[in-house]
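The structure under discussion appears below in the form of structure tokens.
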Amino acid sequence: MIVVVNGKETELRDGQTLLELLEARDIPADGVVAELNRSIVPGADFGKTVLNDGDHLEVLRFVGGG
Amino acid sequence: MTKDILTIGGLELTSRLFTGTGKYRDDSLIPGVCEASGSQVITVALRRVDLESGTGNVMDFIPRHMRLLPNTSGARTADEAVRIARLARAMGCGDWIKIEVISDNRYLLPDGYETAKATEILANEGFVVLPYINPDLYVARSLVDAGAAAVMPLGAPIGTNRGIRTREMVRILIEEIDLPIVVDAGIGRPSEACEAMEMGADACLVNTAIATADDPAMMARAFGRAVRAGREAFLSGPGARAGMAVASSPLTGFLDAGTAA
């Protein structure tokens, strides 16, 4: 399936959860915030949030800024 | 002197210098800056994670005791600022937000109308809202009505290190607006932060001037001292100015008084 992750079309395994996507890339789940189809996903729900074909996912975190 | 406390959003601050985390050549400089400056409030931005190449996490370098002030940089409209603010709060690091709505890429000047709209929405959602604005009295008044916790007028465009170019307008906000005034952006030297505090500003936010110094920690210490000096000068009630000289020493009892020349 294709999920648009941070603006980029990304091929993912069917049924993959948000948490699995992060873990596969060594991104600590507690350091990011996610928005799926414009709705914020609480961190506690990452593991049960199954991604679907055509989803738009944003994964963000804090960076240096003024 | 009784303790001089700045209260914003119910939080009592003893330091009136806010700092940022942008532009450091190495984020590992940040803890030293925090310690040397004495700052208790620090800004961060929210950005997309690079999923291909993991990089360092700025949060690893921000001391736990500091109040995080995420900004909405990147927002060009009120709606975008609200979206970013909600995401920032979902990070679980508190409900303070610096509203930054900018669509001008050359001078990075904030859009007062969109900023006020975002402020009202977010204040109603329980955010502690610190909007970044041009020092415009009417915008500032609309922010008071919108429920802002403080107002952050710019001294000069972001990152320019040019000082308090907007002096007269900032002075009017200090006089007229019954909210903490935090001079944000443009402060390039400790003397300029000191000047803002002497004018009666409640605090200064300094990022670029500290982050891009050769020795950021030493510059942070200098800024911390300058802000304290300016604050004490303001509280002490500066004496009147005069056009002509007014002698500081007595004008009587001179050594040769009364003797023939």
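The values are calculated or read from the model by the stated rules, or taken from the named source; none is laboratory data. Every value quoted in this text rests on a predicted model; they were computed, and no experiment measured them. Cβ placement follows ideal geometry from the backbone for every residue including glycine, while neighbour counts extend to all protein chains displayed. The accessibility values were calculated without ligands, DNA or RNA, using every heavy atom of the protein model including side chains. Shrake-Rupley method; radii C 1.70, N 1.55, O 1.52, S 1.80 Å.
What lysines could a cross-link reach from A:Lys8, if we take a straight Cα to Cα line under 26 Å and drop same-chain neighbours fewer than 8 places away?
A:Lys48
From the residues B:Ala118, B:Ala209, B:Thr77, which one has its Cα farthest along the dipole of the protein assembly as shown in the positive direction, the dipole being from +1 and -1 charges on Cβ of Lys/Arg and Asp/Glu about the Cα centre?
About the Cα centre, the residue reaching furthest to the positive side is B:Ala209.
Can you pull out the trypsin sites (Lys or Arg not before Pro) in segment B:69-125 that DSSP calls coil and that have at most 11 other Cβ atoms within 10 Å? Write out the running numbers ahead of the final one.
On the way: sites: B:Arg76, B:Arg83, B:Arg86, B:Arg89, B:Lys98, B:Arg106, B:Lys117; in loops: B:Arg76, B:Arg106.
Those that pass, being in a loop and sparsely packed, are B:Arg106.
Work out the length of the dipole vector of the protein assembly as shown about its Cα centre, built from +1 on the beta-carbon of each Lys and Arg and -1 on the beta-carbon of each Asp and Glu, and round it to the nearest 20 debye. Each step should come with its number before you reach the end.
Details: 32 positive and 44 negative charges, 163 e Å.
Magnitude of the dipole: close to 780 debye.
Around B:Ile99, which amide H atoms from residues at least 5 apart in sequence, or from another chain, sit under 5 Å from its own amide H, with H modelled in the peptide plane?
B:Leu130, B:Tyr132
Can you give me the solvent accessible area of B:Arg16 with a 1.4 Å probe, rounded to the nearest 10 Å²?
20
Can you tell me the accessible area per residue over segment B:6-236, all protein chains present, probe 1.4 angstrom, in square angstrom?
Working: 9740 Å² over 231 residues.
Roughly 42 Å² per residue, with all protein chains present.
Choose one answer from B:Leu130, B:Leu122, B:Leu11: the residue with the largest mean-square fluctuation in a GNM of chain B with alpha-carbon springs under 10 Å.
For chain B, modelled as a Gaussian network with Cα springs under 10 Å, the answer is B:Leu11.
Classify segment A:2-60 as rounded, prolate or oblate from the Cα gyration tensor: take a ≥ b ≥ c as the square roots of its eigenvalues, call it rounded if a/c is under 1.5, otherwise prolate when a/b beats b/c and oblate if not.
Numbers: a/c = 1.40, a/b = 1.25, b/c = 1.13.
Rounded, because the longest to shortest axis ratio a/c is under 1.5.
State the three equivalent ellipsoid semi-axes of chain B, derived from the C-alpha gyration tensor as the square roots of 5 times its eigenvalues, in descending order and whole Å. Display every interim value, and only then the final one.
Numbers: eigenvalues 296, 95, 53 Å².
Value: 38, 22, 16 Å, ordered largest first.
Please report the net charge: other residues with Cβ closer than 10 Å to the Cβ of B:Arg48, K and R +1, D and E -1. It would help to have the intermediate numbers written out before the result.
Details: positive: A:Lys8, A:Arg61, B:Arg47; negative: A:Glu58, B:Asp50.
With Lys, Arg at +1 and Asp, Glu at -1, the neighbours total +1.
How many nm separate the modelled label positions at B:Glu232 and B:Arg141, each set 7 Å beyond the Cα in the direction of the Cβ?
It is 3.8 nm.
Counting only protein heavy atoms and a 1.4 Å probe, tell me what percentage of the protein assembly as shown's accessible area is made up of carbon and sulfur. Don't skip to the answer; put the middle values down first.
On the way: 8020 of 16260 Å².
Ligands and nucleic acids excluded, carbon and sulfur reach 49 percent.
GNM on chain B, C-alpha springs below 10 Å: top fluctuator among B:Asp145, B:Asp26, B:Asp111?
Highest fluctuation of the listed residues: B:Asp26.
Please list, by residue number, every one of the trypsin sites (Lys or Arg not before Pro) in segment B:193-247 that is coil in DSSP and has at most 12 other beta-carbon atoms within 10 Å.
Details: sites: B:Arg221, B:Arg225, B:Arg228, B:Arg231, B:Arg241; in loops: B:Arg241.
Answer in residue order: B:Arg241.
What FRET efficiency would be calculated for the residue pair B:Arg167, B:Ser103, taking the C-beta separation as r and a Förster radius of 35 Å, to the nearest 0.05?
Numbers: r = 26 Å, r/R0 = 0.74.
Calculated value: 0.85.
Would you please classify the overall shape of segment B:1-136 from the alpha carbon gyration tensor, given that a ≥ b ≥ c denote the square roots of the eigenvalues, rounded means a/c under 1.5, and beyond that prolate means a/b larger than b/c while oblate covers the rest?
Working: a/c = 1.60, a/b = 1.10, b/c = 1.46.
Oblate shape, in that a/c is at least 1.5 and b/c is the bigger or equal ratio.
Grab the other residues whose beta carbon is less than 12 angstrom from that of B:Cys93, score K and R as +1, D and E as -1, and report the net. It would help to have the intermediate numbers written out before the result.
Values: positive: A:Arg61, B:Arg64, B:Arg67, B:Arg89; negative: A:Asp30, B:Asp95.
Net of charged neighbours comes to +2.
Per DSSP helix of 4 or more residues, -39500 (n - 2.57); summed, then divided by the residues of chain B. What does that give at 222 nm, rounded to the nearest 500? Could the numbers behind the result be given before it?
Values: 8 runs with 88 residues, N = 261.
That comes out to -10000 deg cm²/dmol.
How high is the FRET efficiency between B:Glu12 and B:Glu80 when r is their beta carbon distance and R₀ equals 41 Å, given to the nearest 0.05?
0.80
Could you give the nm distance between label points at B:Asp95 and B:Glu35, where each point is 7 Å from its Cα heading toward the beta carbon?
Each label point lies 7 Å from its Cα, and together they span 3.4 nm.
Considering Cα pairs under 8 angstrom that are at least six residues apart, work out the relative contact order of chain B and quote it in whole percent.
The value is 18 percent.
Could you check the spin-label model distance between B:Met218 and B:Ser191? Points 7 Å from the Cα along Cα→Cβ, value in nm.
A separation of 1.8 nm, rounded to one decimal place.
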